[in-house]
Amino acid sequence: MKRRRAALSFCALLLSFLPGLTAEEFHIVGSRAMGMGGAGVAVTRGVLSTYWNPAALCLPAASESAGFFEFALPLAVMGTASRDALRELDEVTELSGRVDFRAIEDRLDRGKPLTVDQVRSLLALAGELPGLETNGNGFLTDVSMGLGLRLERFAFNSIGLYSAGAVTRLDRRNLALGNKGIEGFLPPGKGRPVTSAGRLLANDLVNAGLLGRSQADHLVSLAEQAGVNLDSSGFREMVADILEATNDNSTGSAGDFITANQSGVEVSGIFVQEYVASYAHPLKDWFSPSVLDSVSIGASLKVMNAKTFFSPFSLSSLDAFEGLDGDLLTEAREETSMNIGIDLGLLAQPTDWLSLGLVGRNLNGPSFDFARAGDYELEPQVRAGVGLYDLLPGMVLAADIDLTRNHTDALPGYGSQQAAIGFEYSLLDGEAVLLRGGVSKNLAGSEGASFHLGLGFRLADVFIDMAAMFTPRIMEIERDAEGGLFELPERAGLSLMIGCQIPLD
């Protein structure tokens, strides 16, 4: 009776985390899962069950767990760009590089008007800055790697999970062009707008009392020369904010100047090294014959050592930003801390051709010291899956869905709720060569569907798996020396895993 009560309490605890939760994005650990669309809760077996579903360490239908020793070395890298972040950041970085902030600050400090070229470069930059303001605008990189060891119903893993993001931001506070008013920055001239959009903008600036007629005409003509889209509501609002800040800064300091503006990109994230001990048990050992004969339960206890980092890049320092490849492991503002994590899993196999899985990760909501203000929280994740076997000879079908809407502190505002479906097909007898494919979609994000491909090889007791994923939608990320564009998929990933499984009998 005590065991039955404990098992039911176990199930109730896992299910109690379902409603209204948010959590870190679910990593795709292992090449088999990546090749099958990112689905693994109901079909993952072996040592990686410690991550996907610890209940799968013991198949519920078996009277005894399989007698073998197994280890695996998985590695996966994924990258995601949200809401045109790469294009926006590319444009702002390029335009920031054309602005000599030190020379502008020097002229403003001395109360001298800016040069025509300096005003043009600032206006061109102002045309792109509003694109940085979208919540969740940025890009995200996930890396998983580890060493796993399994012996019958027990498994011991060391898994490293890395999440790093670069989020764009817009500072609307530090916008003043000096403290001498409009005349203090606007160079002399009598330019006039030549486009209808330019004439409309100049009229709006005059009617709002921000500029006189000749000043408005001259400023807008310089914006036309800089190639700014004058129909953009974002640019029009930015110009108004700059002029208001300049008019209001008659007694302000250089700390309020646009040269001190903090618009740019923030790189932050977390690396968690999980030391995991897992165990699974079939419920039929604890209950009289019933529907629970087809169910196993599993649990993982994790010691988690985390390092968080944070590094901001403002407009004046964006030329030093090398992207996530150069700034993932930045030494700036690091914090290290430890905590404990708890994962629970359920696996049901009512028939030979069907398996149902449910897993809850980080159910105790471990948090860590954040190099940015506050804590970095790993809130509970809950994911469900289904597997279908041998509907065609040698075929496995799998599907997963996140039951929690997930987020990451590495990219504030970005949401993730993945739905995944995939297959595995044995090309040769004995599962010597396995072909995999699948599709996944972030139901909470704007990215398109991702396509997954994978291959697996079984050579005696050794297995080698590889996989890739990508979206057909292409993102522009930087300009080359000839002014062209370098393109990558909006979401992409690669994975490789090697391991062995050695029978003990």
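Is it true that some residue in the stretch 181-202 is at pLDDT below 85, in contact with a strand residue (DSSP E or B) (Cβ under 8 Å, 6 or more places away or on another chain) and of a type in the set (A, V, I, L, M)? There is no residue in the stretch 181-202 that is at pLDDT below 85, in contact with a strand residue (DSSP E or B) (Cβ under 8 Å, 6 or more places away or on another chain) and of a type in the set (A, V, I, L, M).
The selection criterion, being buried (at least 22 other Cβ atoms within 10 Å of the Cβ) and modelled with pLDDT of 80 or more, holds for residue 282.
Scanning the stretch 334-344 for residues that are surrounded by fewer than 18 Cβ atoms within 10 Å (Cβ to Cβ), over 24 Å from residue 309 (Cβ atoms), over 20 Å from the mean Cα position of the chain (by Cα) and assigned by TED's automatic domain parsing to the domain that holds residue 299 turns up at least one hit. Say whether the condition of being out of contact with any helix residue (DSSP H, G or I) (no Cβ under 7 Å at 6 or more places or on another chain), of a type in the set (A, V, I, L, M, F, W, C), at pLDDT below 75 and within 28 Å of residue 410 (Cα to Cα) is met by at least one residue in the stretch 296-305. No, there is no match, as no residue in the stretch 296-305 is out of contact with any helix residue (DSSP H, G or I) (no Cβ under 7 Å at 6 or more places or on another chain), of a type in the set (A, V, I, L, M, F, W, C), at pLDDT below 75 and within 28 Å of residue 410 (Cα to Cα). In the same structural domain as residue 377 (by TED's automatic domain parsing), of a type in the set (A, V, I, L, M) and touching a Ser or Thr at 6+ places or on another chain (Cβ under 7 Å), is that true of residue 434? When the stated conditions are applied, residue 434 passes them. Every residue in the stretch 450-505 that is assigned to a loop (DSSP other than H, G, I, E, B) and modelled with pLDDT of 70 or more, please. If the condition is that a residue be assigned to a loop (DSSP other than H, G, I, E, B) and modelled with pLDDT of 70 or more, then 460, 461, 471, 472, 473, 490 are the ones that fit.
Among the numbered conditions (1) aliphatic (A, V, I, L, M); (2) outside any loop (DSSP other than H, G, I, E, B); (3) outside the structural domain of residue 50 (by TED's automatic domain parsing), tell me where residue 145 comes up short. It fails just one condition, (3). Within the stretch 114-133, the set of residues being buried (at least 20 other Cβ atoms within 10 Å of the Cβ) and not in a helix (DSSP H, G or I) comprises just one member, 114.
Taking residue 405, is it touching a Ser or Thr at 6+ places or on another chain (Cβ under 9 Å), among the basic types (Lys, Arg), in contact (Cβ under 8 Å) with a residue 24 or more places away in the chain and exposed (fewer than 15 other Cβ atoms within 10 Å of the Cβ)? Yes; evaluated as a whole, the condition is true for this residue. If you go through the stretch 148-170 and keep only what is outside any strand (DSSP E or B) and under 18 Å from residue 55 (Cα atoms), you end up with 152, 153.
Matching residues to (1) modelled with pLDDT under 75; (2) under 26 Å from residue 468 (Cα atoms):
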| site | (1), (2) |
| --- | --- |
| 80 | no, yes |
| 100 | no, no |
| 105 | no, no |
| 109 | no, no |
| 115 | no, no |
| 120 | no, no |
| 123 | no, no |
| 135 | yes, no |
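Checking the stated criteria, residue 180 turns out not to satisfy the condition of being among the charged types (D, E, K, R) and out of contact with any Leu (no Cβ under 9 Å at 6 or more places or on another chain).
Looking at this structure, is residue 399 more than 30 Å from residue 168 (Cβ to Cβ) and either outside any strand (DSSP E or B) or at pLDDT 95 or above (or both)? Here the answer is yes, as residue 399 does meet what is asked. Selection of the stretch 153-181 for residues being touching a Gly at 6+ places or on another chain (Cβ under 8 Å), among the hydrophobic types (A, V, I, L, M, F, W, C) and crowded, with 18+ Cβ neighbours inside 10 Å yields 155, 159, 164, 166, 167, 176, 177.
Outside any helix (DSSP H, G or I) and either in contact (Cβ under 8 Å) with a residue 40 or more places away in the chain or within 17 Å of residue 124 (Cα to Cα) (or both): does that describe residue 198? When the stated conditions are applied, residue 198 does not pass them.
The values are calculated or read from the model by the stated rules, or taken from the named source; none is laboratory data. In this text, all values refer to a predicted model and were calculated from it rather than measured experimentally. Every residue, glycine among them, receives a Cβ derived from its backbone with ideal geometry; neighbour counts consider all protein chains shown.
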